[in-house]
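K.L.:
Supplied in C-alpha coordinates, the structure appears directly below.
The values are calculated or read from the model by the stated rules, or taken from the named source; none is laboratory data. All values reported here derive from a predicted model rather than from experimental measurement. Neighbour counts run over all protein chains shown; Cβ positions are idealised from the backbone, glycine included. What goes into the accessible areas is simple: the full protein's heavy atoms, side chains included, and nothing from ligands, DNA or RNA. Shrake-Rupley method; radii C 1.70, N 1.55, O 1.52, S 1.80 Å.
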Amino acid sequence: MVKTFNLSNGIQVAMEYMPQYRSASLGVWVRAGSVNENDQNNGMAHVIEHMMFKGTGRRTARELADAMTEIGGNMDAYTTKEYTCYYAKTLYEHLYKAIDILGDMLTNSMISEEDLQKELGVIAEEIDMYDDSPEDIVHERLQEAVWRDHPLGYLISGEKSVIQNFHRQDVLNFMAEYYTANRMVISLSGYFDEEKVRMALEKAFSAVPSGNNADFENQDHALYYPSLYMQHKDIEQVHMIMAFESIDYYDPERYIFSVANNLLGGNVNSRLFQVIREDMGLAYAIYSYGGSYEKGGLFHIYAAVHPEQVRPVIQAVLNIIDELKKKTVSERELHIVKESVKTDLIISDESTYNRMSNYGKYYIHNETIVPVEDVVRLIEAVTEEDVQRFMQKHFDIGNLSLSLVGDLSSMPKSEMEQFWEACRAGEV
(Lines give C-alpha, C1' and ligand atoms only; values in the text may rest on other atoms or scores of the structure.)
Protein backbone atom coordinates (compact mmCIF):
# COMPACT_ATOMS: atom_id res chain seq x y z
CA MET A 1 0.00 0.00 0.00
CA VAL A 2 1.25 3.49 -0.87
CA LYS A 3 1.45 5.88 2.07
CA THR A 4 1.49 9.61 1.43
CA PHE A 5 2.49 12.49 3.68
CA ASN A 6 4.23 15.87 3.64
CA LEU A 7 7.54 16.91 5.12
CA SER A 8 7.51 19.91 7.45
CA ASN A 9 8.28 22.28 4.56
CA GLY A 10 5.48 20.85 2.39
CA ILE A 11 7.34 18.41 0.11
CA GLN A 12 4.94 15.63 -0.88
CA VAL A 13 6.12 12.08 -0.25
CA ALA A 14 4.74 8.78 -1.57
CA MET A 15 6.30 5.62 -0.19
CA GLU A 16 5.48 1.97 -0.63
CA TYR A 17 6.91 -0.70 1.65
CA MET A 18 7.45 -3.97 -0.22
CA PRO A 19 8.80 -6.66 2.15
CA GLN A 20 9.35 -9.19 -0.64
CA TYR A 21 12.31 -7.16 -1.94
CA ARG A 22 15.76 -6.43 -0.53
CA SER A 23 16.28 -3.28 -2.57
CA ALA A 24 14.67 0.11 -2.83
CA SER A 25 14.22 2.86 -5.43
CA LEU A 26 14.13 6.53 -4.52
CA GLY A 27 13.24 9.50 -6.70
CA VAL A 28 13.20 13.25 -6.12
CA TRP A 29 11.10 15.03 -8.70
CA VAL A 30 11.33 18.77 -9.33
CA ARG A 31 8.69 20.56 -11.36
CA ALA A 32 11.31 22.32 -13.48
CA GLY A 33 11.86 21.55 -17.15
CA SER A 34 12.22 23.28 -20.49
CA VAL A 35 8.57 24.44 -20.35
CA ASN A 36 9.59 26.75 -17.51
CA GLU A 37 12.20 28.50 -19.64
CA ASN A 38 12.30 31.35 -22.14
CA ASP A 39 14.41 32.37 -25.13
CA GLN A 40 17.15 33.70 -22.86
CA ASN A 41 17.50 30.73 -20.51
CA ASN A 42 16.39 27.73 -22.59
CA GLY A 43 18.49 24.78 -21.42
CA MET A 44 18.79 25.99 -17.82
CA ALA A 45 16.88 23.08 -16.21
CA HIS A 46 19.20 20.63 -17.96
CA VAL A 47 22.29 22.63 -16.92
CA ILE A 48 21.16 22.57 -13.28
CA GLU A 49 20.72 18.80 -13.45
CA HIS A 50 24.40 18.55 -14.43
CA MET A 51 25.53 21.02 -11.77
CA MET A 52 23.94 19.06 -8.93
CA PHE A 53 26.73 16.48 -9.37
CA LYS A 54 29.60 19.03 -9.26
CA GLY A 55 30.09 19.20 -5.50
CA THR A 56 28.40 20.42 -2.32
CA GLY A 57 29.44 22.13 0.90
CA ARG A 58 30.10 18.64 2.33
CA ARG A 59 31.39 16.69 -0.66
CA THR A 60 33.57 17.44 -3.66
CA ALA A 61 32.46 16.16 -7.08
CA ARG A 62 34.88 13.23 -6.65
CA GLU A 63 33.54 12.46 -3.18
CA LEU A 64 29.99 12.50 -4.56
CA ALA A 65 31.03 10.05 -7.27
CA ASP A 66 32.74 7.82 -4.68
CA ALA A 67 29.68 7.90 -2.42
CA MET A 68 27.42 6.97 -5.35
CA THR A 69 29.71 4.10 -6.30
CA GLU A 70 29.70 2.80 -2.73
CA ILE A 71 25.94 2.34 -2.87
CA GLY A 72 26.08 0.57 -6.21
CA GLY A 73 26.52 3.42 -8.66
CA ASN A 74 22.81 3.41 -9.55
CA MET A 75 22.31 7.11 -8.92
CA ASP A 76 21.57 9.47 -11.80
CA ALA A 77 19.23 12.17 -13.09
CA TYR A 78 17.39 13.26 -16.21
CA THR A 79 15.56 16.34 -17.43
CA THR A 80 12.29 16.40 -19.40
CA LYS A 81 10.11 19.14 -20.76
CA GLU A 82 8.09 19.29 -17.53
CA TYR A 83 10.29 18.08 -14.68
CA THR A 84 13.74 16.98 -13.54
CA CYS A 85 14.20 13.70 -11.68
CA TYR A 86 17.09 12.64 -9.43
CA TYR A 87 16.99 8.98 -8.51
CA ALA A 88 18.78 6.07 -6.89
CA LYS A 89 18.36 2.29 -7.04
CA THR A 90 20.16 0.50 -4.26
CA LEU A 91 20.13 -2.21 -1.58
CA TYR A 92 17.91 -1.41 1.37
CA GLU A 93 20.88 -0.92 3.74
CA HIS A 94 22.21 1.87 1.47
CA LEU A 95 18.90 3.71 1.07
CA TYR A 96 19.50 6.12 3.94
CA LYS A 97 22.87 7.11 2.51
CA ALA A 98 21.20 7.65 -0.88
CA ILE A 99 18.67 9.95 0.80
CA ASP A 100 21.51 11.87 2.45
CA ILE A 101 23.42 12.23 -0.84
CA LEU A 102 20.42 13.47 -2.82
CA GLY A 103 19.44 15.84 -0.03
CA ASP A 104 22.99 17.20 0.05
CA MET A 105 22.98 17.72 -3.71
CA LEU A 106 19.63 19.47 -3.83
CA THR A 107 20.08 21.72 -0.80
CA ASN A 108 23.83 22.31 -0.58
CA SER A 109 25.36 22.36 -4.10
CA MET A 110 28.18 24.90 -4.47
CA ILE A 111 27.68 25.75 -8.17
CA SER A 112 30.94 27.63 -8.58
CA GLU A 113 31.40 29.82 -11.65
CA GLU A 114 34.51 27.82 -12.59
CA ASP A 115 32.69 24.48 -12.43
CA LEU A 116 29.73 25.91 -14.33
CA GLN A 117 31.87 27.12 -17.23
CA LYS A 118 33.62 23.74 -17.41
CA GLU A 119 30.30 21.90 -17.42
CA LEU A 120 28.84 24.16 -20.09
CA GLY A 121 31.64 22.89 -22.33
CA VAL A 122 30.63 19.30 -21.53
CA ILE A 123 26.99 20.10 -22.26
CA ALA A 124 27.98 21.71 -25.57
CA GLU A 125 29.60 18.38 -26.48
CA GLU A 126 26.39 16.61 -25.47
CA ILE A 127 24.40 18.92 -27.75
CA ASP A 128 26.81 18.14 -30.59
CA MET A 129 26.27 14.44 -29.91
CA TYR A 130 22.51 14.89 -30.26
CA ASP A 131 23.03 16.90 -33.43
CA ASP A 132 24.99 13.96 -34.83
CA SER A 133 22.06 11.64 -34.10
CA PRO A 134 19.34 11.81 -36.76
CA GLU A 135 16.96 9.87 -34.50
CA ASP A 136 17.18 12.68 -31.94
CA ILE A 137 17.11 15.57 -34.41
CA VAL A 138 14.06 14.33 -36.30
CA HIS A 139 12.06 14.19 -33.05
CA GLU A 140 13.28 17.35 -31.34
CA ARG A 141 13.02 19.61 -34.38
CA LEU A 142 9.55 18.35 -35.15
CA GLN A 143 8.33 19.41 -31.71
CA GLU A 144 10.10 22.73 -32.08
CA ALA A 145 8.24 23.32 -35.36
CA VAL A 146 4.72 22.27 -34.35
CA TRP A 147 4.82 24.09 -30.97
CA ARG A 148 6.76 27.10 -32.21
CA ASP A 149 4.85 29.64 -30.09
CA HIS A 150 4.88 27.66 -26.82
CA PRO A 151 7.59 26.54 -24.36
CA LEU A 152 6.73 22.91 -25.16
CA GLY A 153 8.64 23.53 -28.38
CA TYR A 154 11.91 24.30 -26.60
CA LEU A 155 14.75 21.81 -26.85
CA ILE A 156 15.47 20.28 -23.44
CA SER A 157 19.22 20.70 -23.92
CA GLY A 158 18.88 24.23 -25.28
CA GLU A 159 21.05 25.73 -28.01
CA LYS A 160 24.79 26.21 -27.59
CA SER A 161 24.48 29.90 -28.48
CA VAL A 162 22.16 30.36 -25.48
CA ILE A 163 23.77 28.21 -22.78
CA GLN A 164 27.25 29.63 -23.38
CA ASN A 165 25.97 32.90 -21.88
CA PHE A 166 24.88 31.34 -18.57
CA HIS A 167 26.53 32.40 -15.31
CA ARG A 168 26.31 31.26 -11.71
CA GLN A 169 23.76 33.89 -10.72
CA ASP A 170 21.47 32.79 -13.57
CA VAL A 171 21.53 29.26 -12.18
CA LEU A 172 20.84 30.45 -8.64
CA ASN A 173 17.93 32.63 -9.81
CA PHE A 174 16.29 29.72 -11.64
CA MET A 175 16.75 27.42 -8.65
CA ALA A 176 15.32 30.00 -6.26
CA GLU A 177 12.16 30.11 -8.37
CA TYR A 178 11.71 26.42 -9.16
CA TYR A 179 13.68 24.27 -6.69
CA THR A 180 11.16 24.78 -3.92
CA ALA A 181 9.19 22.45 -1.67
CA ASN A 182 5.83 23.13 -3.33
CA ARG A 183 7.35 21.99 -6.63
CA MET A 184 9.04 18.83 -5.33
CA VAL A 185 7.86 15.25 -4.90
CA ILE A 186 9.74 12.37 -3.29
CA SER A 187 8.75 8.79 -4.06
CA LEU A 188 10.10 5.49 -2.74
CA SER A 189 9.31 1.87 -3.38
CA GLY A 190 10.92 -1.25 -1.95
CA TYR A 191 12.21 -2.54 1.36
CA PHE A 192 12.94 -0.06 4.18
CA ASP A 193 12.08 0.98 7.71
CA GLU A 194 9.25 3.49 7.33
CA GLU A 195 10.04 5.52 10.44
CA LYS A 196 13.74 5.72 9.61
CA VAL A 197 12.84 6.87 6.09
CA ARG A 198 10.59 9.62 7.43
CA MET A 199 13.34 10.87 9.72
CA ALA A 200 16.01 10.64 7.01
CA LEU A 201 13.89 12.55 4.50
CA GLU A 202 13.08 15.29 7.01
CA LYS A 203 16.75 15.70 7.89
CA ALA A 204 17.91 15.68 4.26
CA PHE A 205 15.28 17.93 2.65
CA SER A 206 13.94 20.25 5.39
CA ALA A 207 16.23 23.05 4.15
CA VAL A 208 14.35 23.27 0.81
CA PRO A 209 12.44 26.60 0.86
CA SER A 210 8.64 26.49 0.63
CA GLY A 211 8.39 28.63 -2.53
CA ASN A 212 5.58 30.14 -4.58
CA ASN A 213 3.69 28.95 -7.65
CA ALA A 214 5.59 29.59 -10.88
CA ASP A 215 4.63 30.33 -14.44
CA PHE A 216 3.85 27.15 -16.40
CA GLU A 217 0.64 26.36 -14.54
CA ASN A 218 -0.85 29.57 -15.90
CA GLN A 219 0.17 29.10 -19.52
CA ASP A 220 -2.33 28.32 -22.27
CA HIS A 221 -2.61 24.99 -24.00
CA ALA A 222 0.02 24.65 -26.73
CA LEU A 223 -1.18 25.70 -30.17
CA TYR A 224 -0.32 23.06 -32.77
CA TYR A 225 0.91 24.07 -36.24
CA PRO A 226 1.02 21.38 -38.97
CA SER A 227 4.63 21.60 -40.10
CA LEU A 228 7.24 20.24 -42.49
CA TYR A 229 10.83 20.06 -41.24
CA MET A 230 13.71 18.93 -43.47
CA GLN A 231 17.43 18.64 -42.70
CA HIS A 232 19.98 17.02 -44.98
CA LYS A 233 22.66 14.85 -43.40
CA ASP A 234 25.27 12.86 -45.28
CA ILE A 235 24.04 9.40 -44.27
CA GLU A 236 22.50 6.46 -46.10
CA GLN A 237 18.96 6.61 -44.75
CA VAL A 238 16.20 9.11 -44.11
CA HIS A 239 14.84 9.20 -40.58
CA MET A 240 11.26 10.39 -40.68
CA ILE A 241 8.41 11.16 -38.31
CA MET A 242 4.78 11.64 -39.25
CA ALA A 243 2.91 13.35 -36.42
CA PHE A 244 -0.58 14.40 -35.43
CA GLU A 245 -1.84 16.56 -32.59
CA SER A 246 -3.04 14.28 -29.83
CA ILE A 247 -4.22 14.18 -26.23
CA ASP A 248 -2.67 15.89 -23.22
CA TYR A 249 -1.59 14.07 -20.07
CA TYR A 250 -4.93 14.37 -18.28
CA ASP A 251 -7.24 13.33 -21.12
CA PRO A 252 -9.60 10.47 -20.12
CA GLU A 253 -8.95 8.95 -23.55
CA ARG A 254 -5.40 8.08 -22.55
CA TYR A 255 -6.29 4.41 -22.05
CA ILE A 256 -7.79 4.24 -25.53
CA PHE A 257 -4.64 6.02 -26.70
CA SER A 258 -2.49 3.18 -25.28
CA VAL A 259 -4.52 0.56 -27.11
CA ALA A 260 -4.61 2.52 -30.38
CA ASN A 261 -0.85 3.08 -30.26
CA ASN A 262 -0.17 -0.60 -29.65
CA LEU A 263 -2.50 -1.54 -32.48
CA LEU A 264 -0.99 0.92 -34.95
CA GLY A 265 2.73 0.63 -34.26
CA GLY A 266 3.53 -0.41 -30.71
CA ASN A 267 4.99 -3.88 -31.35
CA VAL A 268 5.93 -6.46 -33.98
CA ASN A 269 2.29 -7.50 -34.37
CA SER A 270 1.15 -3.95 -35.15
CA ARG A 271 -0.37 -2.84 -38.44
CA LEU A 272 2.62 -0.64 -39.34
CA PHE A 273 5.21 -3.34 -38.69
CA GLN A 274 3.32 -6.15 -40.35
CA VAL A 275 2.32 -4.21 -43.47
CA ILE A 276 5.24 -1.85 -44.09
CA ARG A 277 8.12 -4.03 -42.93
CA GLU A 278 6.91 -7.60 -43.27
CA ASP A 279 4.54 -7.44 -46.25
CA MET A 280 5.97 -4.55 -48.28
CA GLY A 281 9.61 -4.63 -47.14
CA LEU A 282 9.85 -0.84 -47.19
CA ALA A 283 11.53 -0.20 -43.82
CA TYR A 284 13.64 -2.01 -41.25
CA ALA A 285 12.51 0.17 -38.32
CA ILE A 286 8.97 1.50 -38.01
CA TYR A 287 6.92 2.14 -34.89
CA SER A 288 4.58 4.62 -33.23
CA TYR A 289 4.70 6.35 -29.87
CA GLY A 290 2.91 9.06 -27.97
CA GLY A 291 4.01 12.20 -26.18
CA SER A 292 1.48 13.63 -23.73
CA TYR A 293 2.15 16.70 -21.64
CA GLU A 294 0.05 18.95 -19.42
CA LYS A 295 -0.46 21.52 -22.17
CA GLY A 296 -0.46 19.38 -25.31
CA GLY A 297 0.30 16.07 -26.93
CA LEU A 298 1.51 14.40 -30.13
CA PHE A 299 1.19 11.01 -31.77
CA HIS A 300 4.37 10.07 -33.65
CA ILE A 301 5.06 7.48 -36.34
CA TYR A 302 8.78 6.90 -36.87
CA ALA A 303 10.54 5.08 -39.70
CA ALA A 304 14.10 4.78 -40.99
CA VAL A 305 14.04 4.18 -44.74
CA HIS A 306 16.00 4.42 -47.98
CA PRO A 307 15.46 7.85 -49.60
CA GLU A 308 13.51 6.26 -52.46
CA GLN A 309 11.04 4.75 -50.01
CA VAL A 310 10.02 7.95 -48.21
CA ARG A 311 6.96 8.65 -50.35
CA PRO A 312 5.80 4.99 -50.55
CA VAL A 313 6.09 4.63 -46.77
CA ILE A 314 4.10 7.81 -46.15
CA GLN A 315 1.41 6.62 -48.56
CA ALA A 316 1.29 3.20 -46.88
CA VAL A 317 1.01 4.74 -43.42
CA LEU A 318 -1.84 6.99 -44.54
CA ASN A 319 -3.63 3.98 -46.04
CA ILE A 320 -3.34 2.06 -42.75
CA ILE A 321 -4.68 5.04 -40.80
CA ASP A 322 -7.54 5.45 -43.27
CA GLU A 323 -8.49 1.79 -42.92
CA LEU A 324 -8.59 2.04 -39.10
CA LYS A 325 -10.79 5.12 -39.38
CA LYS A 326 -13.23 3.45 -41.78
CA LYS A 327 -13.43 -0.06 -40.36
CA THR A 328 -13.52 -1.31 -36.78
CA VAL A 329 -10.73 -3.62 -35.71
CA SER A 330 -11.70 -7.27 -35.24
CA GLU A 331 -12.54 -8.57 -31.78
CA ARG A 332 -9.59 -10.99 -31.90
CA GLU A 333 -7.05 -8.37 -32.96
CA LEU A 334 -8.24 -6.01 -30.25
CA HIS A 335 -8.02 -8.81 -27.68
CA ILE A 336 -4.39 -9.53 -28.67
CA VAL A 337 -3.50 -5.84 -28.49
CA LYS A 338 -5.11 -5.32 -25.08
CA GLU A 339 -3.41 -8.42 -23.66
CA SER A 340 -0.08 -7.02 -24.86
CA VAL A 341 -0.72 -3.66 -23.19
CA LYS A 342 -1.82 -5.35 -19.96
CA THR A 343 1.20 -7.66 -19.94
CA ASP A 344 3.60 -4.75 -20.38
CA LEU A 345 1.87 -2.85 -17.57
CA ILE A 346 1.95 -5.71 -15.11
CA ILE A 347 5.54 -6.75 -15.82
CA SER A 348 6.66 -3.12 -15.56
CA ASP A 349 4.83 -2.82 -12.24
CA GLU A 350 6.96 -5.60 -10.74
CA SER A 351 9.99 -3.26 -10.69
CA THR A 352 10.53 -1.03 -7.63
CA TYR A 353 12.04 1.60 -9.94
CA ASN A 354 9.01 1.65 -12.24
CA ARG A 355 6.59 1.82 -9.31
CA MET A 356 8.58 4.67 -7.77
CA SER A 357 8.59 6.45 -11.15
CA ASN A 358 4.84 6.04 -11.59
CA TYR A 359 4.11 7.50 -8.14
CA GLY A 360 6.43 10.42 -8.81
CA LYS A 361 4.74 11.17 -12.13
CA TYR A 362 1.27 11.02 -10.60
CA TYR A 363 2.24 13.42 -7.84
CA ILE A 364 4.27 15.83 -9.98
CA HIS A 365 1.19 16.16 -12.22
CA ASN A 366 -1.04 16.68 -9.16
CA GLU A 367 -2.89 13.45 -9.75
CA THR A 368 -4.18 10.76 -7.42
CA ILE A 369 -2.20 7.52 -7.64
CA VAL A 370 -4.06 4.98 -9.78
CA PRO A 371 -3.29 1.32 -8.89
CA VAL A 372 -2.17 -0.82 -11.81
CA GLU A 373 -5.19 -3.08 -11.24
CA ASP A 374 -7.49 -0.15 -12.01
CA VAL A 375 -5.47 0.77 -15.11
CA VAL A 376 -5.79 -2.84 -16.34
CA ARG A 377 -9.57 -2.69 -15.92
CA LEU A 378 -9.70 0.55 -17.91
CA ILE A 379 -7.64 -1.05 -20.69
CA GLU A 380 -9.93 -4.09 -20.70
CA ALA A 381 -12.96 -1.79 -21.10
CA VAL A 382 -11.73 -0.31 -24.41
CA THR A 383 -13.98 -1.41 -27.31
CA GLU A 384 -13.58 -1.71 -31.06
CA GLU A 385 -15.80 1.36 -31.44
CA ASP A 386 -13.65 3.33 -28.96
CA VAL A 387 -10.56 2.72 -31.08
CA GLN A 388 -12.30 3.69 -34.31
CA ARG A 389 -13.69 6.89 -32.79
CA PHE A 390 -10.25 7.75 -31.42
CA MET A 391 -8.67 7.31 -34.84
CA GLN A 392 -11.36 9.40 -36.50
CA LYS A 393 -11.04 12.17 -33.93
CA HIS A 394 -7.27 12.48 -33.64
CA PHE A 395 -5.90 11.43 -37.04
CA ASP A 396 -7.06 14.31 -39.20
CA ILE A 397 -4.85 14.05 -42.30
CA GLY A 398 -5.13 17.81 -42.75
CA ASN A 399 -3.15 18.19 -39.53
CA LEU A 400 -0.31 15.92 -40.62
CA SER A 401 3.20 17.10 -39.72
CA LEU A 402 6.32 15.64 -41.26
CA SER A 403 9.95 15.69 -40.16
CA LEU A 404 12.75 14.33 -42.38
CA VAL A 405 16.45 14.08 -41.49
CA GLY A 406 19.02 12.26 -43.62
CA ASP A 407 19.88 11.90 -47.28
CA LEU A 408 17.51 14.41 -48.85
CA SER A 409 19.63 15.01 -51.96
CA SER A 410 16.90 13.53 -54.18
CA MET A 411 14.13 15.49 -52.43
CA PRO A 412 14.07 19.20 -53.28
CA LYS A 413 12.21 21.05 -50.56
CA SER A 414 9.72 22.53 -53.00
CA GLU A 415 8.76 19.04 -54.22
CA MET A 416 8.38 17.70 -50.67
CA GLU A 417 6.26 20.70 -49.73
CA GLN A 418 3.94 19.91 -52.64
CA PHE A 419 3.84 16.22 -51.67
CA TRP A 420 3.14 17.09 -48.02
CA GLU A 421 0.33 19.47 -48.99
CA ALA A 422 -1.15 16.80 -51.29
CA CYS A 423 -1.08 14.32 -48.37
CA ARG A 424 -2.89 16.80 -46.13
CA ALA A 425 -5.48 17.41 -48.86
CA GLY A 426 -6.12 13.66 -49.17
CA GLU A 427 -4.77 13.57 -52.72
CA VAL A 428 -2.10 10.90 -52.12
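K.L.:
Which residues does the label zone of Asp344 cover in the range 260-290, counting backbone N under 16 Å from a point 7 Å along Cα→Cβ?
P.N.:
Correct set: 260-274, 286-290.
K.L.:
For Met230, which sequence-distant residues (separation of 5 or more, or a different chain) have an amide H within less than 5 Å of its own amide H, given hydrogens modelled in the peptide plane?
P.N.:
HN-HN under 5 Å from Met230: Leu404.
K.L.:
Going from most exposed to least, what order do Lys295, Lys3 have by accessible area with a 1.4 Å probe? Don't skip to the answer; put the middle values down first.
P.N.:
Details: Lys295 35, Lys3 75 Å².
Result, largest first: Lys3, Lys295.
K.L.:
What is the sum of charges around Ile369, taking Lys and Arg as +1, Asp and Glu as -1, for the other residues whose C-beta is under 14 Å from the C-beta of Ile369? Mind dumping the intermediate values first?
P.N.:
Values: positive: Lys3, Arg355, Lys361; negative: Glu16, Asp349, Glu367, Glu373, Asp374.
Residues near Ile369 contribute -2 overall.
K.L.:
Further question: Heavy atoms only, probe 1.4 Å: what % of the accessible area of the range 79-125 goes to carbon and sulfur, would you let me know?
P.N.:
Details: 920 of 1750 Å².
Ligands and nucleic acids excluded, carbon and sulfur give 53 percent.
K.L.:
Determine ³J(HN,Hα), in whole Hz, for all residues of the range 232-243 in sequence, where each value follows from phi through the Karplus function 6.51 cos²θ - 1.76 cosθ + 1.60 and θ = phi - 60°; x replaces Gly and Pro.
P.N.:
Per-residue couplings from phi come out as 7, 9, 7, 9, 7, 9, 10, 8, 9, 10, 9, 9 Hz.
K.L.:
Would you please report the Å³ per residue occupied by the convex hull of the alpha carbon atoms in the range 198-353? Kindly include the intermediate steps, with their values, before the conclusion.
P.N.:
On the way: hull volume 32.7 nm³, N = 156.
Spread over its residues, the Cα hull of the range 198-353 gives 210 Å³ apiece.
K.L.:
Given the Cα-Cα distance of Lys160 and Ala285 and 0.36 nm per residue of separation, how much length would full extension add, in nm?
P.N.:
Working: separation 125, 0.36 × 125 = 45.00 nm, distance 3.07 nm.
The Lys160-Ala285 span can extend by a further 41.9 nm.
K.L.:
Let me know the Rg and Dmax you get for the chain when you use only its Cα atoms, in Å.
P.N.:
23.0, 66
K.L.:
What full-extension length gain, to one decimal in nm, is calculated for Val2 and Glu144 as 0.36 nm per residue of separation minus the Cα-Cα distance? List each step's numbers first, then the result.
P.N.:
On the way: separation 142, 0.36 × 142 = 51.12 nm, distance 3.77 nm.
Residue separation times 0.36 nm, minus the Cα-Cα distance, leaves 47.3 nm.
K.L.:
Please report the carbon-and-sulfur percent of the accessible area for the range 275-382; probe 1.4 Å, protein heavy atoms only, DNA, RNA and ligands left out.
P.N.:
Values: 2420 of 5100 Å².
Carbon-and-sulfur percentage of accessible area, whole number: 47.
K.L.:
Here is a follow-up. Based on the Cβ-Cβ distance from Arg62 to Asp128, what FRET efficiency comes out when R0 is 35 Å, to the nearest 0.05? Write out the running numbers ahead of the final one.
P.N.:
Numbers: r = 26 Å, r/R0 = 0.74.
The pair Arg62/Asp128 has a calculated efficiency of 0.85.
K.L.:
Another question, then. Report relative contact order for the range 181-326 in percent, whole number only (criteria: Cα-Cα under 8 Å, sequence separation at least 6). Let's see the in-between values first.
P.N.:
Numbers: 162 pairs, mean separation 34.4, N = 146.
Normalised by residue count, the contact order of the range 181-326 is 24 percent.
K.L.:
Do any of Lys233/Lys338; Lys295/Lys413; Lys338/Lys393; Lys325/Lys361; Lys160/Lys233 go past 27 Å between their Cα atoms, and which? Before the final figure, lay out each step's value.
P.N.:
Values: Lys233/Lys338 39 Å; Lys295/Lys413 31 Å; Lys338/Lys393 20 Å; Lys325/Lys361 32 Å; Lys160/Lys233 20 Å.
Pairs exceeding the cut-off: Lys233/Lys338; Lys295/Lys413; Lys325/Lys361.
K.L.:
Let me ask something else. What figure, in Å² to the nearest 10, do you get for the accessible area of Asp76 with a 1.4 Å probe and non-protein molecules left out?
P.N.:
My reading of the accessible area for Asp76 is about 70 Å².
K.L.:
For Asp104, Asp128, write out the residues from largest to smallest accessible area, computed with a 1.4 angstrom probe and no ligands counted.
P.N.:
Asp128, Asp104
K.L.:
How do Glu323, Glu350 rank by accessible surface area computed with a 1.4 Å probe, from largest to smallest? Walk me through the numbers on the way to the answer.
P.N.:
Working: Glu323 95, Glu350 120 Å².
The most accessible residue leads, giving Glu350, Glu323.
K.L.:
With the contact rule set at Cα under 8 Å and sequence spacing of 6 or more, what percent relative contact order holds for the range 117-229?
P.N.:
Details: 68 pairs, mean separation 43.4, N = 113.
Rounded, it is 38 percent for the range 117-229.
K.L.:
So if I place +1 on the C-beta of Lys and Arg and -1 on the C-beta of Asp and Glu, and nothing else carries charge, what would the dipole magnitude of the chain be about its Cα centre? I want it in debye, nearest 20.
P.N.:
Numbers: 38 positive and 67 negative charges, 159 e Å.
It works out to roughly 760 debye.
K.L.:
Let me spell out the model: positive unit charges on the Cβ of Lys and Arg, negative unit charges on the Cβ of Asp and Glu, origin at the Cα centre of the range 1-63. What dipole size does that give, in debye rounded to 20? Before the final figure, lay out each step's value.
P.N.:
On the way: 7 positive and 5 negative charges, 77 e Å.
Roughly 380 debye for the range 1-63.
K.L.:
Mind putting a number on the dipole of the range 120-242 about its Cα centre? Charges go on the C-beta only, +1 for Lys and Arg and -1 for Asp and Glu, and I need it in Debye to the nearest 20.
P.N.:
On the way: 9 positive and 22 negative charges, 90 e Å.
With Lys and Arg at +1 and Asp and Glu at -1, about 440 debye.
K.L.:
Now, a different point. Roughly what would the spin-label model give for Met110 and Glu421, points 7 Å off Cα along C-beta, in nm?
P.N.:
5.9 nm
K.L.:
Over the range 169-224, with every protein chain in place, what whole percent of the accessible area is carbon and sulfur at 1.4 Å, could you tell me? Before the final figure, lay out the partial values.
P.N.:
On the way: 1280 of 2710 Å².
With neighbouring chains kept in place, the figure for the range 169-224 is 47 percent.
K.L.:
Can you tell which of Gln164, Ile111, Ser351 lies farthest toward the positive end of the dipole of the chain, using +1 and -1 charges on the Cβ of basic and acidic side chains (Lys, Arg; Asp, Glu)?
P.N.:
Going by the Cα projections, it comes out as Ser351.
K.L.:
For Glu119, tell me the accessible area in Å² from a 1.4 Å probe, rounded to the nearest 10.
P.N.:
Looks like 20 Å² after rounding.
K.L.:
Please compute the per residue accessible area over the chain with all protein chains in place, 1.4 Å probe, rounded to a whole number of Å². Before the final figure, lay out each step's value.
P.N.:
Working: 18750 Å² over 428 residues.
Solvent-accessible surface per residue comes out at 44 Å².
K.L.:
At 1.4 Å probe size, what's the solvent-accessible area of Ser292? Round to the nearest 10 Å².
P.N.:
40 Å²
K.L.:
Which residue, His167, His300, His139, tops the fluctuation ranking in a GNM of the chain built on C-alpha contacts under 10 Å?
P.N.:
Taking springs between Cα atoms under 10 Å, the residue moving most is His167.
K.L.:
Could you tell me the distance between the Cα centroids of the range 270-318 and the range 21-82, to the nearest Å?
P.N.:
So the two Cα centres are separated by 34 Å.
K.L.:
Please turn the phi angles of the range 21-31 into ³J(HN,Hα) values with the Karplus equation 6.51 cos²θ - 1.76 cosθ + 1.60 (θ = phi - 60°), one per residue in order, whole Hz, x for glycine and proline.
P.N.:
9, 10, 9, 8, 10, 10, x, 10, 10, 10, 6
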